[in-house]
1. Can you confirm whether the range 26-46 contains a residue that is touching a strand residue (DSSP E or B) at 6+ places or on another chain (Cβ under 9 Å) and in a helix (DSSP H, G or I)?
2. Which of the residues belonging to the range 521-561 are free of Cβ contacts under 8 Å to residues at least 40 places away in the same chain and part of a loop (DSSP other than H, G, I, E, B)?
3. Scan Ser8, Ser70, Ser37 and give me the residue that is of a type outside the set (A, V, I, L, M, F, W, C), modelled with pLDDT under 90 and exposed (fewer than 11 other Cβ atoms within 10 Å of the Cβ).
4. Restricting the search to the range 484-504, which residues are at pLDDT below 90 and open to solvent by less than 10 Å² (accessible area, probe 1.4 Å)?
5. List the number of the failed condition for Leu267; all other conditions in (1) within 15 Å of Ser152 (Cα to Cα); (2) open to solvent by less than 10 Å² (accessible area, probe 1.4 Å); (3) among the hydrophobic types (A, V, I, L, M, F, W, C) hold.
6. Which of the residues spanning the range 301-339 are among the acidic types (Asp, Glu), open to solvent by 20 Å² or more (accessible area, probe 1.4 Å) and either at pLDDT below 90 or under 20 Å from Ser455 (Cβ atoms) (or both)?
Amino acid sequence: MKKSTYTSNRTDISDSWQRCIAIGLDHEGEPIQPTLSSEQLQDLTCQYGELIASSEAEVLPYYRNVLSSSRCLILLADQKGRILKRWGDQRITESRLKPWFQQGANWQEQLCGTNAIGTAIATGRAVQVQRSEHFLKVHRSLIASAAPIFDSKKQLAGVLSVFSDAYLPQDHTLGMVRLLAQSVENRLLNRQFEADFFQIILNTTADNFDSPWSGILVCNDSGQVVASNRRADQLLGTQTKNVMLDELFTTDRSGILGHPEQAPLQLKTKSKVRLSALVKRPSTIRTAPAETLAGVQHSTFPDKQASFSNLEYGDASVRRCAEQSLKVLERGVPVLITGETGVGKEVLVNALHKASNRKDQPLVAVNCAAIPPELVESELFGYEPGAFTGARAKGSLGLIRNAHKGILFLDEIGEMPVSAQSRLLRVLQERVVTPVGATESIVVDIWLITATNRSPLSSIESGQFRADLYYRINGLSVELPALRHRKDIRSLIQHIYQQHRDSSQSEYLAPQLLSTLENHRWPGNIRQLVNVLKVAIALADSEDVQIWHLPADFLAEYSGITPPDEVSDSEHSNGFKPEPAIIPNRREGDERNSHAHILQVYHRCKGNVSSAARELSISRNTLYKRLRELGVR
């Protein structure tokens with residue numbers, strides 16, 4: 001625990017003891033917990049249903065993945081200290097203390113003295129209470145950490161607390177409960193505003209937008225902040241509610257709200273602090289006066305050209321894939337997208353959704369490879385209440401029904417278990433879905449897009465994929481070209497660099513560096529390109545990117561040159577044979593003078609030709625010649 005945090009925590013404990021003494025509590029006292037009726041407990045659950053659901057969505061995955069092997073108990077309390085929900089290992093509590101951990105138990109300081117939940121409520125801050133720091137002796141076998149949860153109005157909504165034994169590092173526990181509480185706050189904010197308002201995610205770098213410590217600004221169409229989380233106020237150094245974006249940033253509000261989704265945006269605050277931002281548009285597009293949407297209409301209501309503009313920068317084959325897919329999709333014909341991993345299949349699907357006449361309806365994306373085989377059917381088709389052990393009491397609609405009137409995107413369709421394939425086939429044939437445990441079918445209206453980076457025909461031959469399902473999903477098959485085959489690779493590299501560069505860096509990459517990137521094989525395609533550029537931009541540390549800023553593992557892959565104009569037509573037409581034609585190194589057998597080794601040494605010497613030539617034991621003229629061959633000099 002940091003010294004400042006430790007000092008603040010000890011002060012909070014001392015102040016709490018003073019409050020307990022002032023109200024006349026006795027160290028030997030053992031207050032009796034109130035017993036609530038089943039109706040009162042039900043009312044409590046209904047009253048705080050949103051808080052409980054949001055907390056459970058954050059706590060359960062964390063507990064299963066991180067804390068399941070630790071002896072700890074997690075409690076959610078309301079703003080009055082009453083227990084709403086508990087998760088975890090109840091063995092850490094003594095039998096005589098079990099009533100304190102039941103739903104409805106009250107941990108307010110006035111009743112229980114100094115304790116994590118009650119003291120967090122009293123101070124409005126995260127707090128940790130060791131055994132002997134509890135005011136009442138009855139609680140001195142416990143160690144607990146708690147953090148307050150605030151709603152969109154910055155009012156106390158509840159408290160999340162972790163009770164643990166001595167084997168769990170206590171500094172870690174306090175940090176963990178603060179993290180979980182912040183995650184719950186963010187989820188509450190998102191659930192309240194995502195349908196009708198813009199959200200601007202803020203962080204110090206573009207790599208951490210998914211962090212719970214990201215700031216969140218919620219704005220209306222005119223750029224006024226209607227809500228924010230505490231982290232956003234900290235990053236901006238001011239209370240942001242009711243403030244206009246123009247008052248917070250040097251970029252005007254139309255430039256912020258009109259920025260493409262998924263594309264990081266560099267912002268500078270009025271106090272000259274640089275932040276990375278990501279814009280999320282309302283999930284339900286609302287009708288607004290024209291003057292309100294001035295400057296952002298183009299992005300809020302995208303037409304076909306706007307939706308496809310970020311797919312390609314001069315490659316006709318990519319645009320042809322998009323335009324053909326949209327034509328058949330809008331007639332209800334399924335689309336199958338093939339291509340190597342990382343070529344941008346998900347980006348194409350999002351563009352199709354935004355350009356279609358179902359852009360205001362849901363796009364439900366499912367990665368079939370990410371769902372455990374035993375859960376595929378219940379996740380896709382839904383289930384009735386009590387259909388199986390562990391099923392939700394209210395059942396589940398399932399992902400297919402969630403896509404009703406919209407688009408269902410099944411990524412990695414080749415990984416779907418054969419048992420689920422037969423049920424999916426019936427859905428596509430009859431346009432009805434039967435939830436697990438149900439006897440009646442429900443009509444669904446969906447457009448279907450599937451994607452795979454494997455050859456479906458090979459999967460059919462091996463018995464891993466049903467032939468009848470393949471011919472049902474293969475209405476139109478389009479193949480996105482590998483990055484090394486794209487005609488617009490140079491412009492694409494420049495565009496991705498400009499999306500992620502620091503404002504102080506050159507707007508364009510140097511021609512030599514651009515040639516090096518252009519001639520790479522890119523086995524990971526656009527996904528790999530984005531990561532390489534992000535690393536290089538970060539290592540350049542606000543200076544212009546040079547070749548020695550490229551990551552070492554990237555240079556290790558650089559074993560030859562594949563000129564784009566020498567790729568054969570047959571290679572363009574088959575996305576399932578990703579190996580490009582590579583011009584062999586001049587000295588194939590000489591490891592020290594291979595192109596890969598030369599680039600690695602040049603990288604290590606940070607572009608110093610004399611040092612690199614000495615290390616390679618070749619003349620400077622020879623090194624210049626090799627670098628020119630690689631497009632570096």
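The values are calculated or read from the model by the stated rules, or taken from the named source; none is laboratory data. Just so it is clear, the structure is predicted and the values come from calculations on it, not from any experiment. FYI the Cβ positions are ideal-geometry reconstructions off the backbone, even for glycines, and counts take in every protein chain you see. In case anyone asks, the SASA skips ligands and DNA or RNA and just uses the protein heavy atoms, side chains included. Shrake-Rupley method; radii C 1.70, N 1.55, O 1.52, S 1.80 Å.
1. Yes, that holds for at least one residue.
2. Result: Asp541, Glu543, Asp544, Pro551, Ser559, Gly560.
3. On the way: Ser8 fails: exposed (fewer than 11 other Cβ atoms within 10 Å of the Cβ); Ser70 fails: exposed (fewer than 11 other Cβ atoms within 10 Å of the Cβ).
When all the criteria are applied, what remains is Ser37.
4. Those that are at pLDDT below 90 and open to solvent by less than 10 Å² (accessible area, probe 1.4 Å): none in the range 484-504.
5. (1)
6. Looking only at the range 301-339, we keep the residues that are among the acidic types (Asp, Glu), and these are 303, 312, 315, 323, 330.
Keeping just the survivors that are open to solvent by 20 Å² or more (accessible area, probe 1.4 Å) gives 303, 312, 323, 330.
Answer for the range 301-339, where residues must be among the acidic types (Asp, Glu), open to solvent by 20 Å² or more (accessible area, probe 1.4 Å) and either at pLDDT below 90 or under 20 Å from Ser455 (Cβ atoms) (or both): Asp303, Glu312.
Per-residue answers, yes or no, for (1) at pLDDT below 90; (2) open to solvent by less than 70 Å² (accessible area, probe 1.4 Å); (3) in contact with a helix residue (DSSP H, G or I) (Cβ under 8 Å, 6 or more places away or on another chain):
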{"position": "Arg358", "(1), (2), (3)": "no, yes, no"}
{"position": "Gln361", "(1), (2), (3)": "no, no, no"}
{"position": "Ala369", "(1), (2), (3)": "yes, yes, yes"}
{"position": "Pro385", "(1), (2), (3)": "yes, no, no"}
{"position": "Gly395", "(1), (2), (3)": "yes, yes, no"}
{"position": "Ile400", "(1), (2), (3)": "no, yes, yes"}
{"position": "Ile413", "(1), (2), (3)": "no, yes, yes"}
{"position": "Ala420", "(1), (2), (3)": "yes, yes, yes"}
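Rundown of residues vs (1) in contact with a strand residue (DSSP E or B) (Cβ under 7 Å, 6 or more places away or on another chain); (2) free of Cβ contacts under 8 Å to residues at least 12 places away in the same chain, yes/no style:
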residue: Val478; (1), (2): yes, no
residue: His495; (1), (2): no, no
residue: Gln498; (1), (2): no, yes
residue: Arg501; (1), (2): no, no
residue: Leu509; (1), (2): no, no
